[in-house]
Amino acid sequence: MSILAVGTVAFDSIETPFGTAPRVLGGSASYLTLAARYFCPDVRLVGVVGRDFPDDYVQRFRDSGIDLRGLETDESGDTFHWKGRYHYDLNERDTLDTQLNVLVDFEPTLPEDYRSSQIVCLGNLDPAVQRHVLDQVDDPEYVLCDTMNYWIEHTPDSLRETLQRVDCLVINDSEARELANEPNLVQAADIIRDMGPETLIIKKGEHGALLFNGDTVFSAPAYPLEAIEDPTGAGDTFAGGLAGHLAQVGRYGADDLRRGIIYGSAMASFVVERFGPERLYHLNRELIVERARAFRELAAIPKLAPLQAA
(Lines give C-alpha, C1' and ligand atoms only; values in the text may rest on other atoms or scores of the structure.)
Protein backbone atom coordinates (compact mmCIF):
# COMPACT_ATOMS: atom_id res chain seq x y z
CA MET A 1 0.00 0.00 0.00
CA SER A 2 1.32 3.45 -0.90
CA ILE A 3 0.43 7.01 0.12
CA LEU A 4 0.87 9.97 -2.22
CA ALA A 5 0.90 13.31 -0.39
CA VAL A 6 0.82 16.52 -2.40
CA GLY A 7 1.02 19.90 -0.72
CA THR A 8 3.37 22.61 0.40
CA VAL A 9 6.93 22.26 1.62
CA ALA A 10 7.71 25.53 3.29
CA PHE A 11 9.49 27.70 5.81
CA ASP A 12 7.37 28.70 8.81
CA SER A 13 8.32 31.55 11.11
CA ILE A 14 6.25 31.11 14.25
CA GLU A 15 5.52 33.22 17.30
CA THR A 16 3.54 31.82 20.24
CA PRO A 17 3.20 32.96 23.86
CA PHE A 18 5.81 30.28 24.65
CA GLY A 19 8.58 31.23 22.23
CA THR A 20 9.57 31.83 18.62
CA ALA A 21 10.96 29.70 15.81
CA PRO A 22 12.20 31.41 12.62
CA ARG A 23 12.21 29.58 9.27
CA VAL A 24 11.59 26.06 10.54
CA LEU A 25 10.47 23.33 8.16
CA GLY A 26 6.74 23.57 7.50
CA GLY A 27 4.08 22.92 4.90
CA SER A 28 1.20 20.49 4.58
CA ALA A 29 3.15 17.84 2.64
CA SER A 30 5.93 17.92 5.23
CA TYR A 31 3.66 17.20 8.18
CA LEU A 32 1.53 14.70 6.25
CA THR A 33 4.45 12.54 5.17
CA LEU A 34 6.39 12.70 8.44
CA ALA A 35 3.30 11.44 10.29
CA ALA A 36 2.17 8.83 7.74
CA ARG A 37 5.58 7.13 7.50
CA TYR A 38 5.15 5.55 10.95
CA PHE A 39 2.28 3.46 9.56
CA CYS A 40 3.18 2.97 5.91
CA PRO A 41 6.61 2.17 4.44
CA ASP A 42 5.81 3.68 1.03
CA VAL A 43 5.10 7.40 1.46
CA ARG A 44 5.58 9.64 -1.57
CA LEU A 45 5.91 13.43 -1.34
CA VAL A 46 4.94 15.83 -4.12
CA GLY A 47 5.85 19.47 -3.67
CA VAL A 48 8.18 22.27 -4.70
CA VAL A 49 10.97 24.16 -2.94
CA GLY A 50 13.21 26.98 -4.00
CA ARG A 51 16.92 27.59 -4.31
CA ASP A 52 17.13 28.55 -0.62
CA PHE A 53 15.88 25.20 0.74
CA PRO A 54 18.65 23.66 2.89
CA ASP A 55 20.11 20.25 2.22
CA ASP A 56 19.73 19.21 5.86
CA TYR A 57 15.93 19.52 5.62
CA VAL A 58 15.99 17.31 2.52
CA GLN A 59 18.17 14.82 4.35
CA ARG A 60 15.75 14.66 7.28
CA PHE A 61 13.02 13.59 4.86
CA ARG A 62 15.31 10.96 3.40
CA ASP A 63 16.36 9.72 6.84
CA SER A 64 12.64 9.33 7.61
CA GLY A 65 12.24 6.99 4.65
CA ILE A 66 10.10 9.36 2.55
CA ASP A 67 10.22 9.03 -1.24
CA LEU A 68 11.30 12.46 -2.57
CA ARG A 69 11.25 11.82 -6.32
CA GLY A 70 8.19 14.09 -6.48
CA LEU A 71 9.89 16.99 -4.71
CA GLU A 72 10.87 19.61 -7.29
CA THR A 73 13.53 22.29 -6.80
CA ASP A 74 12.86 25.54 -8.65
CA GLU A 75 16.15 27.40 -8.88
CA SER A 76 14.44 30.54 -10.16
CA GLY A 77 12.95 31.53 -6.82
CA ASP A 78 12.68 31.01 -3.08
CA THR A 79 10.67 28.57 -1.00
CA PHE A 80 7.14 29.34 0.17
CA HIS A 81 7.36 31.17 3.50
CA TRP A 82 4.59 31.75 6.06
CA LYS A 83 4.91 33.87 9.20
CA GLY A 84 2.29 33.82 11.93
CA ARG A 85 1.61 34.74 15.54
CA TYR A 86 -0.58 32.69 17.91
CA HIS A 87 -2.48 34.05 20.89
CA TYR A 88 -2.94 32.44 24.31
CA ASP A 89 -6.01 30.85 22.80
CA LEU A 90 -3.98 28.79 20.32
CA ASN A 91 -7.01 28.38 18.08
CA GLU A 92 -6.52 32.04 17.18
CA ARG A 93 -3.62 33.23 15.06
CA ASP A 94 -2.62 36.19 12.93
CA THR A 95 -0.89 35.76 9.59
CA LEU A 96 1.91 38.31 9.54
CA ASP A 97 3.38 37.51 6.14
CA THR A 98 2.83 35.06 3.27
CA GLN A 99 5.36 34.74 0.46
CA LEU A 100 4.15 32.22 -2.13
CA ASN A 101 7.38 32.41 -4.15
CA VAL A 102 7.89 29.21 -6.25
CA LEU A 103 4.44 27.94 -5.25
CA VAL A 104 2.82 30.45 -7.62
CA ASP A 105 3.66 28.47 -10.76
CA PHE A 106 3.63 24.99 -9.24
CA GLU A 107 2.09 22.41 -11.59
CA PRO A 108 3.31 19.02 -10.39
CA THR A 109 4.15 16.24 -12.80
CA LEU A 110 4.11 12.87 -11.08
CA PRO A 111 6.87 10.32 -11.54
CA GLU A 112 5.51 7.37 -13.54
CA ASP A 113 5.24 4.89 -10.65
CA TYR A 114 3.54 7.49 -8.42
CA ARG A 115 0.53 7.13 -10.71
CA SER A 116 -0.38 3.79 -9.16
CA SER A 117 -0.62 5.19 -5.60
CA GLN A 118 -3.55 3.70 -3.67
CA ILE A 119 -4.18 6.52 -1.18
CA VAL A 120 -3.92 10.15 -2.28
CA CYS A 121 -3.73 12.99 0.27
CA LEU A 122 -4.45 16.39 -1.26
CA GLY A 123 -2.93 18.94 1.07
CA ASN A 124 -4.08 22.55 1.16
CA LEU A 125 -3.49 23.86 -2.37
CA ASP A 126 -5.40 25.52 -5.19
CA PRO A 127 -8.28 23.12 -6.02
CA ALA A 128 -7.21 23.21 -9.69
CA VAL A 129 -3.77 21.91 -8.69
CA GLN A 130 -5.41 19.19 -6.60
CA ARG A 131 -7.41 18.05 -9.64
CA HIS A 132 -4.28 18.21 -11.78
CA VAL A 133 -2.71 15.66 -9.46
CA LEU A 134 -5.81 13.43 -9.47
CA ASP A 135 -5.81 13.49 -13.28
CA GLN A 136 -2.39 11.82 -13.18
CA VAL A 137 -3.26 9.02 -10.73
CA ASP A 138 -4.63 5.92 -12.43
CA ASP A 139 -7.30 4.66 -10.05
CA PRO A 140 -6.76 5.62 -6.39
CA GLU A 141 -8.55 3.54 -3.79
CA TYR A 142 -9.10 6.46 -1.44
CA VAL A 143 -8.72 10.25 -1.74
CA LEU A 144 -8.43 12.53 1.28
CA CYS A 145 -8.56 16.29 0.82
CA ASP A 146 -7.89 19.41 2.85
CA THR A 147 -8.75 23.01 2.00
CA MET A 148 -8.97 26.40 3.71
CA ASN A 149 -11.05 29.53 3.84
CA TYR A 150 -9.02 31.25 1.08
CA TRP A 151 -10.11 28.67 -1.53
CA ILE A 152 -13.65 28.57 -0.12
CA GLU A 153 -13.94 32.33 -0.63
CA HIS A 154 -11.96 32.85 -3.85
CA THR A 155 -12.45 29.64 -5.88
CA PRO A 156 -15.77 28.14 -4.70
CA ASP A 157 -16.73 26.62 -8.06
CA SER A 158 -13.31 25.05 -8.57
CA LEU A 159 -13.36 23.68 -5.02
CA ARG A 160 -16.75 22.06 -5.55
CA GLU A 161 -15.45 20.44 -8.73
CA THR A 162 -12.60 18.93 -6.72
CA LEU A 163 -14.91 17.76 -3.93
CA GLN A 164 -16.85 15.65 -6.42
CA ARG A 165 -13.74 13.48 -6.74
CA VAL A 166 -12.93 13.18 -3.02
CA ASP A 167 -13.78 10.34 -0.63
CA CYS A 168 -12.98 12.18 2.61
CA LEU A 169 -12.73 15.91 3.33
CA VAL A 170 -10.84 17.03 6.43
CA ILE A 171 -11.43 20.65 7.50
CA ASN A 172 -11.86 22.64 10.70
CA ASP A 173 -15.15 23.80 12.17
CA SER A 174 -15.01 27.40 10.90
CA GLU A 175 -14.19 26.19 7.39
CA ALA A 176 -17.10 23.73 7.50
CA ARG A 177 -19.52 26.48 8.49
CA GLU A 178 -18.23 28.78 5.75
CA LEU A 179 -18.23 26.12 3.04
CA ALA A 180 -21.81 25.10 3.84
CA ASN A 181 -22.99 28.61 4.74
CA GLU A 182 -24.58 26.97 7.78
CA PRO A 183 -23.71 27.60 11.46
CA ASN A 184 -24.96 24.22 12.72
CA LEU A 185 -22.20 21.66 12.19
CA VAL A 186 -24.54 18.69 11.83
CA GLN A 187 -26.53 20.44 9.12
CA ALA A 188 -23.33 21.78 7.57
CA ALA A 189 -22.00 18.22 7.35
CA ASP A 190 -25.04 17.10 5.38
CA ILE A 191 -24.64 20.00 2.95
CA ILE A 192 -20.93 19.36 2.42
CA ARG A 193 -21.36 15.63 1.91
CA ASP A 194 -23.95 16.38 -0.76
CA MET A 195 -21.10 18.14 -2.62
CA GLY A 196 -19.30 14.82 -3.06
CA PRO A 197 -17.32 13.45 -0.11
CA GLU A 198 -18.87 10.38 1.46
CA THR A 199 -16.97 11.14 4.66
CA LEU A 200 -16.40 14.46 6.41
CA ILE A 201 -14.06 15.00 9.34
CA ILE A 202 -14.35 18.29 11.18
CA LYS A 203 -11.36 19.22 13.33
CA LYS A 204 -12.19 21.23 16.44
CA GLY A 205 -8.72 21.89 17.85
CA GLU A 206 -8.60 21.42 21.60
CA HIS A 207 -12.16 20.06 21.45
CA GLY A 208 -11.33 17.01 19.34
CA ALA A 209 -12.83 15.96 16.01
CA LEU A 210 -16.15 14.88 14.51
CA LEU A 211 -16.56 12.13 11.92
CA PHE A 212 -19.62 12.05 9.65
CA ASN A 213 -19.87 8.81 7.67
CA GLY A 214 -23.01 7.12 6.42
CA ASP A 215 -25.72 7.61 9.01
CA THR A 216 -23.32 7.80 11.94
CA VAL A 217 -21.50 10.54 13.81
CA PHE A 218 -18.37 9.82 15.86
CA SER A 219 -16.79 12.25 18.29
CA ALA A 220 -13.13 11.87 19.23
CA PRO A 221 -11.70 13.74 22.22
CA ALA A 222 -8.62 15.93 22.31
CA TYR A 223 -5.71 14.85 24.48
CA PRO A 224 -5.21 17.05 27.57
CA LEU A 225 -1.59 18.18 27.27
CA GLU A 226 0.32 19.99 30.00
CA ALA A 227 2.57 21.83 27.54
CA ILE A 228 1.78 23.03 24.02
CA GLU A 229 4.45 24.99 22.17
CA ASP A 230 3.19 25.25 18.60
CA PRO A 231 -0.08 24.11 16.96
CA THR A 232 1.22 24.71 13.41
CA GLY A 233 0.81 21.60 11.28
CA ALA A 234 -1.42 19.76 13.75
CA GLY A 235 -4.21 19.35 11.18
CA ASP A 236 -1.88 18.00 8.51
CA THR A 237 -0.25 15.68 11.05
CA PHE A 238 -3.74 14.45 11.96
CA ALA A 239 -4.44 13.71 8.29
CA GLY A 240 -1.11 11.90 7.96
CA GLY A 241 -1.87 9.65 10.90
CA LEU A 242 -5.37 8.95 9.55
CA ALA A 243 -4.08 8.13 6.06
CA GLY A 244 -1.28 6.04 7.51
CA HIS A 245 -3.68 3.89 9.50
CA LEU A 246 -5.97 3.39 6.50
CA ALA A 247 -2.96 2.31 4.43
CA GLN A 248 -1.86 -0.06 7.17
CA VAL A 249 -5.20 -1.88 7.38
CA GLY A 250 -6.11 -1.52 3.70
CA ARG A 251 -9.76 -0.80 4.49
CA TYR A 252 -11.94 2.33 4.57
CA GLY A 253 -15.03 1.34 6.54
CA ALA A 254 -16.62 3.27 9.38
CA ASP A 255 -14.71 1.42 12.11
CA ASP A 256 -11.43 1.87 10.22
CA LEU A 257 -12.08 5.59 9.94
CA ARG A 258 -12.86 5.82 13.65
CA ARG A 259 -9.61 4.11 14.57
CA GLY A 260 -7.83 6.30 12.04
CA ILE A 261 -9.14 9.41 13.75
CA ILE A 262 -7.76 8.16 17.05
CA TYR A 263 -4.33 7.57 15.51
CA GLY A 264 -4.48 10.91 13.72
CA SER A 265 -5.38 12.66 16.96
CA ALA A 266 -2.53 10.90 18.73
CA MET A 267 -0.02 12.08 16.11
CA ALA A 268 -1.36 15.64 16.30
CA SER A 269 -1.04 15.61 20.09
CA PHE A 270 2.67 14.84 19.71
CA VAL A 271 3.51 17.48 17.13
CA VAL A 272 2.16 20.42 19.14
CA GLU A 273 4.63 19.66 21.94
CA ARG A 274 7.54 21.22 19.98
CA PHE A 275 8.02 23.94 17.38
CA GLY A 276 7.76 22.74 13.81
CA PRO A 277 7.77 19.00 13.05
CA GLU A 278 10.60 18.29 15.50
CA ARG A 279 8.57 15.85 17.58
CA LEU A 280 7.75 13.75 14.52
CA TYR A 281 11.41 12.80 14.10
CA HIS A 282 11.66 11.12 17.48
CA LEU A 283 8.64 8.85 17.85
CA ASN A 284 8.28 5.09 17.66
CA ARG A 285 5.40 2.66 17.35
CA GLU A 286 5.30 1.97 21.09
CA LEU A 287 4.84 5.65 21.94
CA ILE A 288 2.17 6.08 19.28
CA VAL A 289 0.18 3.03 20.39
CA GLU A 290 0.43 4.12 24.02
CA ARG A 291 -0.93 7.61 23.18
CA ALA A 292 -3.70 6.11 21.03
CA ARG A 293 -4.74 3.86 23.92
CA ALA A 294 -4.87 6.92 26.15
CA PHE A 295 -7.28 8.49 23.66
CA ARG A 296 -9.48 5.40 23.80
CA GLU A 297 -9.58 5.61 27.58
CA LEU A 298 -10.55 9.29 27.39
CA ALA A 299 -13.51 8.37 25.21
CA ALA A 300 -14.55 5.27 27.14
CA ILE A 301 -18.02 5.37 28.65
CA PRO A 302 -18.76 2.95 31.50
CA LYS A 303 -21.80 0.74 31.29
CA LEU A 304 -24.86 2.70 32.29
CA ALA A 305 -27.06 1.48 35.12
CA PRO A 306 -30.77 1.31 34.31
CA LEU A 307 -32.95 4.14 35.55
CA GLN A 308 -34.78 3.37 38.75
CA ALA A 309 -38.46 4.08 39.06
CA ALA A 310 -39.20 7.38 40.76
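The table below lists the values:
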{"quantity": "Test: residue in the range 302-309 that is surrounded by 10 or more Cβ atoms within 10 Å (Cβ to Cβ), charged (D, E, K, R), modelled with pLDDT under 95 and out of contact with any strand residue (DSSP E or B) (no Cβ under 7 Å at 6 or more places or on another chain)", "calculated": "no"}
{"quantity": "Odd one out for D105, checked against (1) crowded, with 18+ Cβ neighbours inside 10 Å; (2) over 18 Å from the mean Cα position of the chain (by Cα)", "calculated": "(1)"}
{"quantity": "Enumerated strands (runs of 3 or more DSSP E) restricted to the range 184-297, each holding at least 2 residues that are crowded, with 18+ Cβ neighbours inside 10 Å and not hydroxyl-bearing (S, T, Y)", "calculated": "199-203, 209-213"}
{"quantity": "Which numbered condition V58 misses (of (1) closer than 27 Å to A243 by Cβ; (2) modelled with pLDDT under 95)", "calculated": "(2)"}
{"quantity": "Some residue of the range 144-159 being among the charged types (D, E, K, R) and surrounded by 19 or more Cβ atoms within 10 Å (Cβ to Cβ)", "calculated": "yes"}
{"quantity": "Number of positions in the range 146-163 that are touching a helix residue (DSSP H, G or I) at 6+ places or on another chain (Cβ under 9 Å), closer than 26 Å to R93 by Cβ, not in a strand (DSSP E or B) and not small (G, A, S)", "calculated": "11"}
{"quantity": "Every residue from the range 121-140 that is of a type in the set (A, V, I, L, M, F, W, C), in a helix (DSSP H, G or I) and buried (at least 21 other Cβ atoms within 10 Å of the Cβ)", "calculated": "V133"}
{"quantity": "Residue within the range 214-230 that is touching a strand residue (DSSP E or B) at 6+ places or on another chain (Cβ under 7 Å) and either hydroxyl-bearing (S, T, Y) or within 22 Å of M1 (Cβ to Cβ) (or both) present", "calculated": "yes"}
{"quantity": "Set V143, V166: member being more than 18 Å from R259 (Cα to Cα) and either of a type in the set (V, I, T) or in a strand (DSSP E or B) (or both)", "calculated": "V166"}
{"quantity": "Output for the range 47-79, where each listed residue is farther than 22 Å from R37 by Cα and either in contact with a Phe, Trp or Tyr (Cβ under 7 Å, 6 or more places away or on another chain) or among the polar types (S, T, N, Q) (or both)", "calculated": "T73, S76, T79"}
{"quantity": "Residue in the range 170-183 that is within 19 Å of F295 (Cα to Cα), assigned to a strand (DSSP E or B) and touching a Phe, Trp or Tyr at 6+ places or on another chain (Cβ under 9 Å) present", "calculated": "no"}
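Conditions (1) farther than 18 Å from G26 by Cβ; (2) without any contact (Cβ under 8 Å) to a residue 40 or more places away in the chain; (3) aromatic (F, W, Y), marked per residue:
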site: S269; (1), (2), (3): yes, no, no
site: Y281; (1), (2), (3): no, no, yes
site: I288; (1), (2), (3): yes, no, no
site: A294; (1), (2), (3): yes, no, no
site: I301; (1), (2), (3): yes, yes, no
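The values are calculated or read from the model by the stated rules, or taken from the named source; none is laboratory data. Just so you know, these numbers come straight off a predicted model, no measurement behind them. When we count neighbours, we look across all protein chains shown, and the Cβ atoms used for this are built from the backbone with ideal geometry, even at glycine.
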